[in-house]
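I have placed the structure first, in the form of structure tokens, so that the comments after it can refer back to it.
The values are calculated or read from the model by the stated rules, or taken from the named source; none is laboratory data. Keep in mind that what you see is a predicted model, and the values were worked out from it rather than measured. Cβ placement follows ideal geometry from the backbone for every residue including glycine, while neighbour counts extend to all protein chains displayed. SASA here: full protein model, heavy atoms, side chains in, ligands and nucleic acids out. Shrake-Rupley method; radii C 1.70, N 1.55, O 1.52, S 1.80 Å.
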Amino acid sequence: MGSNNLLAEKRLSELKGIGPKSEKLFGKVGIDNLDQLIHYYPRAYDAYKECVPVGELVSGEKQAVIIHIKRPPVIKTGGRAALTILNAEDITGKIEIHWFNMPYLRATLKRGAVFIFRGMVIRKNNRVIMEHPEIFTLAQYEDVKGSVQPVYSLTAGLKNKMIAKAVKQVLGKYAFIEYLPDDIRNKYGLVDRDTAVNKIHFPISEKELKDAHKRLVFDEFLVYLLRLSKINENYKETENNYKIQDTSEADRIINNLSFDLTGAQKKVWSEIRDELMSSHTMNRLLQGDVGSGKTIIAFLSMISVMSKGYQCALMAPTEVLAAQHYNSFIRLLRENSIDTEQVLLLTGSMTAKEKRESYEKIASGEVKAVIGTHAIIQYKVEFKCLSLAITDEQHRFGVKQRGIIAEKGILPHILVMSATPIPRTLALIIYGELKISVLDELPAERLKIKNCVVDTSYRKTAYSFIKKETDSGHQAYIICPMIEPNEDLGCENVIEYTKKLKKIFEPDVRVEMLHGRMTAEEKLNIMNEFSENKIRILVSTTVIEVGVDVPNATVMMIENAERFGLAQLHQLRGRIGRGDAQSYCIFLQGDSKEEDNKRLQILNKSNDGFYIAQEDLKLRGQGDLFGLRQSGMAGFSLADPFGDADILIQVSELVKEIIKEDPDLSGEKYGLLGNMLEQVRNDIEGIL
């Protein structure tokens with residue numbers, strides 16, 4: 001990993017075939033230079049595998065089948081499109097093969113000919129259909145069989161071939177320096193970096209892909225843990241510069257709450273309170289399942305330091321969540337007659353004037369609590385006496401960002417919160433020297449969410465159920481894996497799905513969409529209107545995964561649930577069941593794979609995030625490298641702390657050895673590793 005400064009300085013336009021228009025398309029997916037291009041790993045791989053009989057074709061998969069043509073295709077015309085249909089069969093079943101606006105194929109697909117058709121398989125009304133397949137002769141398919149092609153995430157106008165062609169140009173021109181000593185690579189069975197970078201994009205075989213994946217995952221964990229060790233070194237039993245002598249103000253608020261803290265909340269608050277009052281600086285992870293009540297613990301900690309005249313900061317990964325925390329904190333302060341003028345919301349979408357005024361208030365100490373996004377860690381933000389730094393949804397922040405917010409004060413207390421359930425053995429590695437507090441109890445008044453895993457034939461029934469809930473005054477989420485249509489994926493997308501639902505539901509049931517490409521202001525407006533029950537059905541991507549709290553939402557339907565990791569699905573489900581009404585989660589499985597069904601049944605049986613994490617770990621292992629990465633931990637490009645747990649443990653042991661042997665990474669053996677670490681732009685991003 002690490003950034004190659006030379007490539008970071010070179011624009012895409014230096015490559016053949018990329019002009020201004022193409023540059024803009026690449027920019028839409030976050031590729032502005034050659035460094036970012038090489039970091040843009042395939043999201044999946046298209047493997048040209050053995051042909052299968054018609055009866056064994058799996059819906060939602062791209063597969064190949066041998067067809068002996070017994071009758072020529074028919075052409076149906078209607079509207080603007082002409083549909084060419086080949087009705088075919090083998091001894092195991094029948095299949096329809098469709099092409100739009102390609103009537104000339106009738107001259108090729110003659111009776112008696114034998115071809116291999118390879119394309120996406122779907123099932124409609126008990127019919128097996130393959131749409132727009134590639135066509136091969138037996139000899140042609142034999143030439144490509146066994147090869148692997150990269151599949152990249154795309155946007156409208158940006159084709160897979162464009163990305164692959166650009167990546168090939170860079171790989172053909174640049175080599176990548178090896179920074180791991182030979183004995184380390186030999187010990188762990190790692191290929192060299194140059195091979196790994198090349199083969200992660202263009203593997204010839206599954207073995208090459210696995211070898212490249214293993215090396216780059218090893219690198220990501222290595223850099224992460226090395227940087228983490230540097231940050232944690234500063235927090236080993238350091239003197240408490242902001243000792244809180246008592247927490248009477250927090251105790252008063254606890255007594256005034258409209259609900260009782262759970263036993264787990266009381267235990268965790270006692271641990272945090274004692275550490276704030278102790279002789280050493282707090283450096284703690286608060287891990288709790290969705291809905292376990294982490295936020296009130298954070299607020300009590302903030303109020304405790306504010307009451308002593310110190311400053312605190314709460315950083316959230318999105319503006320929607322930051323605004324939600326701000327509003328909730330202001331409401332809590334007002335209910336307890338505490339001055340709200342000392343609290344400030346700081347986000348990237350504020351005007352330059354608003355930011356400037358905010359910076360002044362923070363620097364002077366006039367503001368005691370700052371709640372915001374990564375805008376809090378911008379270099380212009382200076383605190384007078386930051387004593388407590390809290391990061392919410394820790395898995396969304398890298399170790400570098402954690403370090404920066406810590407540096408805003410003189411070793412302030414650190415509290416990092418995560419709703420991603422991680423087995424304790426892995427948590428101890430990922431979070432290093434942080435002490436761990438766990439909220440393993442949900443509020444007593446919470447009703448358990450009722451779950452079901454169904455196939456797409458259940459969709460109309462689900463719509464009827466959603467209508468019943470909205471008619472009773474409740475609201476619903478519908479989650480899609482894509483923002484817009486993607487020709488390479490047979491899955492639902494937010495834009496088209498929203499249009500479809502607006503036709504299905506009556507006008508008085510307002511349907512709107514939410515996705516990551518909307519501006520911060522647009523997203524905030526949509527969420528505010530949803531919170532106010534002006535929007536009844538929200539069609540969204542996983543942008544609502546983190547922290548969104550709308551108690552009136554009682555239904556969530558997740559389309560193509562097999563496309564998500566179990567941890568992510570559990571996070572999504574956590575957006576419902578937050579009120580006193582019964583809530584329901586419907587997982588729609590878009591394919592018929594038994595292994596996907598087995599995974600989803602784990603969610604069907606349990607709402608316990610820690611149980612789900614453990615079962616997920618048992619099931620997945622390395623997983624299917626040819627499919628989508630199923631990680632619940634954002635930030636890593638390839639590494640998955642669950643699926644790659646064995647590599648994570650190996651790297652953890654290696655880091656201990658390296659730090660013991662050469663703490664500064666300045667010696668002959670680890671000098672190149674030290675240089676690479678200095679070049680890292682982003683804590684867990686990229687591999688150059």
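Could you identify the single residue in 273, 284 that is touching a strand residue (DSSP E or B) at 6+ places or on another chain (Cβ under 7 Å) and in contact (Cβ under 8 Å) with a residue 24 or more places away in the chain?
Matching residue, one of 273, 284: 284.
Can you tell me which residue within the stretch 46-83, out of those that are of a type in the set (Lys, Arg) and in contact with a strand residue (DSSP E or B) (Cβ under 6 Å, 6 or more places away or on another chain), is least open to solvent (accessible area, probe 1.4 Å)?
Among them, the one singled out is 62.
Would you confirm, using the coordinates I've provided, whether residue 341 is modelled with pLDDT of 90 or more, over 30 Å from the mean Cα position of the chain (by Cα) and in a helix (DSSP H, G or I)? Give the steps one after another, and end with the answer.
Working: modelled with pLDDT of 90 or more: yes; over 30 Å from the mean Cα position of the chain (by Cα): yes; in a helix (DSSP H, G or I): no.
Here the answer is no, as residue 341 does not meet what is asked.
Over 31 Å from the mean Cα position of the chain (by Cα) and among the β-branched types (Val, Ile, Thr) - does that describe any residue in the stretch 282-294?
No, the stretch 282-294 contains no residue that is over 31 Å from the mean Cα position of the chain (by Cα) and among the β-branched types (Val, Ile, Thr).
Residue 215: open to solvent by 30 Å² or more (accessible area, probe 1.4 Å), of a type outside the set (Phe, Trp, Tyr) and closer than 21 Å to residue 648 by Cβ, yes or no?
Values: open to solvent by 30 Å² or more (accessible area, probe 1.4 Å): no; of a type outside the set (Phe, Trp, Tyr): yes; closer than 21 Å to residue 648 by Cβ: yes.
So residue 215 does not fit the description; no.
Scan the stretch 427-456 residue by residue and report those that are on the phi < 0 side of the Ramachandran plot and small (Gly, Ala, Ser). I'd like the intermediate steps shown before the answer.
First, the residues of the stretch 427-456 that are on the phi < 0 side of the Ramachandran plot: 427-431, 433-456.
Within the stretch 427-456, 427, 437, 444 meet the criteria.
Which one of these does residue 584 not meet: (1) within 29 Å of residue 60 (Cα to Cα); (2) open to solvent by 10 Å² or more (accessible area, probe 1.4 Å); (3) modelled with pLDDT under 90?
Residue 584 satisfies every listed condition except (3).
Out of everything in the stretch 98-116 that is under 43 Å from the mean Cα position of the chain (by Cα) and either loosely packed, with under 11 Cβ neighbours inside 10 Å or aliphatic (A, V, I, L, M) (or both), what residue ends up being nearest to residue 49 (Cα to Cα)?
Only one residue fits best here, namely 116.
Go through (1) surrounded by fewer than 17 Cβ atoms within 10 Å (Cβ to Cβ); (2) at pLDDT 90 or above and name the single condition residue 144 misses.
Among (1) surrounded by fewer than 17 Cβ atoms within 10 Å (Cβ to Cβ); (2) at pLDDT 90 or above, residue 144 violates only (2).
Tell me, yes or no, whether the stretch 178-186 has at least one residue that is over 30 Å from residue 90 (Cβ atoms), open to solvent by 30 Å² or more (accessible area, probe 1.4 Å) and among the polar types (S, T, N, Q).
The answer is yes; a qualifying residue exists.
Just to be sure before I move on: is residue 86 over 30 Å from residue 637 (Cα atoms), in contact with an Asp or Glu (Cβ under 9 Å, 6 or more places away or on another chain) and crowded, with 18+ Cβ neighbours inside 10 Å in the structure I sent? Spell out the reasoning first.
Numbers: over 30 Å from residue 637 (Cα atoms): yes; in contact with an Asp or Glu (Cβ under 9 Å, 6 or more places away or on another chain): yes; crowded, with 18+ Cβ neighbours inside 10 Å: yes.
So residue 86 passes the test.
Given the stretch 40-81, what strands (runs of 3 or more DSSP E) lie entirely inside it while holding 1 or more residues that are in contact (Cβ under 8 Å) with a residue 40 or more places away in the chain?
44-47, 62-68
For the stretch 312-336, what are the residues that are hydroxyl-bearing (Ser, Thr, Tyr) and either assigned to a helix (DSSP H, G or I) or under 13 Å from residue 257 (Cα atoms) (or both)?
The answer is 326, 328.
Out of the residues in the stretch 155-175 that are of a type outside the set (Ser, Thr, Tyr) and more than 28 Å from the chain's Cα centre (by Cα), which is surrounded by the most Cβ atoms within 10 Å (Cβ to Cβ)?
For the stretch 155-175, the residue satisfying everything is 169.
So, in the stretch 58-84, how many residues would count as being under 39 Å from the mean Cα position of the chain (by Cα) and closer than 15 Å to residue 134 by Cα?
6
Would you please list the contacts, defined by Cβ atoms under 7 Å and residues six or more apart or on different chains, that run from a residue in the stretch 224-243 that is among the charged types (D, E, K, R) and surrounded by 14 or more Cβ atoms within 10 Å (Cβ to Cβ) to a residue that is in a loop (DSSP other than H, G, I, E, B) and at pLDDT below 65?
Listed by first residue and then by second, the contacts come to 227/683.
Looking only at the stretch 347-370, decide whether some residue is open to solvent by 20 Å² or more (accessible area, probe 1.4 Å), within 26 Å of residue 572 (Cβ to Cβ), in contact with a Gly (Cβ under 8 Å, 6 or more places away or on another chain) and in contact (Cβ under 8 Å) with a residue 24 or more places away in the chain.
Scanning the stretch 347-370, I find no residue that is open to solvent by 20 Å² or more (accessible area, probe 1.4 Å), within 26 Å of residue 572 (Cβ to Cβ), in contact with a Gly (Cβ under 8 Å, 6 or more places away or on another chain) and in contact (Cβ under 8 Å) with a residue 24 or more places away in the chain, so the answer is no.
Restricting to the stretch 244-274, name every residue that is closer than 21 Å to residue 309 by Cβ and either open to solvent by less than 10 Å² (accessible area, probe 1.4 Å) or in a loop (DSSP other than H, G, I, E, B) (or both).
Selection gives 244, 245, 246, 247, 250, 253, 272.
Check residue 485 against each of (1) under 22 Å from residue 456 (Cβ atoms); (2) in a loop (DSSP other than H, G, I, E, B); (3) open to solvent by less than 40 Å² (accessible area, probe 1.4 Å) and name the one condition it does not meet.
Going through (1) under 22 Å from residue 456 (Cβ atoms); (2) in a loop (DSSP other than H, G, I, E, B); (3) open to solvent by less than 40 Å² (accessible area, probe 1.4 Å) one by one, residue 485 breaks only (3).
Any residue at all in the stretch 91-112 that is in a strand (DSSP E or B), modelled with pLDDT under 90 and over 21 Å from residue 209 (Cα atoms)?
yes
Counting just the residues of the stretch 1-38 that are in a helix (DSSP H, G or I), out of contact with any Ser or Thr (no Cβ under 8 Å at 6 or more places or on another chain) and modelled with pLDDT under 90, which one comes out least open to solvent (accessible area, probe 1.4 Å)?
Quick first cut of the stretch 1-38, residues in a helix (DSSP H, G or I) only: 5-8, 12-14, 20-28, 34-38.
Filter once more, keeping what is out of contact with any Ser or Thr (no Cβ under 8 Å at 6 or more places or on another chain): 5-8, 13-14, 21-22, 24, 26-27, 34, 36-38.
Right, trim to modelled with pLDDT under 90 and you get 5-8.
Working: 5: 79, 6: 87, 7: 0, 8: 33 Å².
Ranking the qualifying residues of the stretch 1-38, first place goes to 7.
Of everything in the stretch 166-213, what is within 18 Å of residue 35 (Cβ to Cβ), assigned to a helix (DSSP H, G or I) and touching a residue at least 40 places away in the same chain (Cβ under 8 Å)? Give them in sequence order.
Selection gives 166, 167, 169, 170, 171, 193, 196, 197, 200, 201.
Tell me whether the stretch 117-124 contains one or more residues that are at pLDDT below 95 and open to solvent by 50 Å² or more (accessible area, probe 1.4 Å).
Within the stretch 117-124, one or more residues are at pLDDT below 95 and open to solvent by 50 Å² or more (accessible area, probe 1.4 Å).
Kindly provide the set of residues from the stretch 626-649 that are aliphatic (A, V, I, L, M), open to solvent by less than 30 Å² (accessible area, probe 1.4 Å) and modelled with pLDDT under 75, ordered by number.
633
Quick one: residue 496 ticks every box in (1) out of contact with any Phe, Trp or Tyr (no Cβ under 9 Å at 6 or more places or on another chain); (2) crowded, with 18+ Cβ neighbours inside 10 Å; (3) more than 30 Å from residue 652 (Cβ to Cβ) bar one, so which box is it?
(2)
Would you say residue 372 is touching a Ser or Thr at 6+ places or on another chain (Cβ under 7 Å) and modelled with pLDDT of 90 or more?
yes
Going residue by residue through the stretch 28-44, is there one that turns out to be closer than 28 Å to residue 133 by Cα, among the charged types (D, E, K, R) and out of contact with any Pro (no Cβ under 8 Å at 6 or more places or on another chain)?
yes
Regarding residue 601, is this residue among the polar types (S, T, N, Q), in a loop (DSSP other than H, G, I, E, B) and either at pLDDT 90 or above or touching a strand residue (DSSP E or B) at 6+ places or on another chain (Cβ under 6 Å) (or both)?
no
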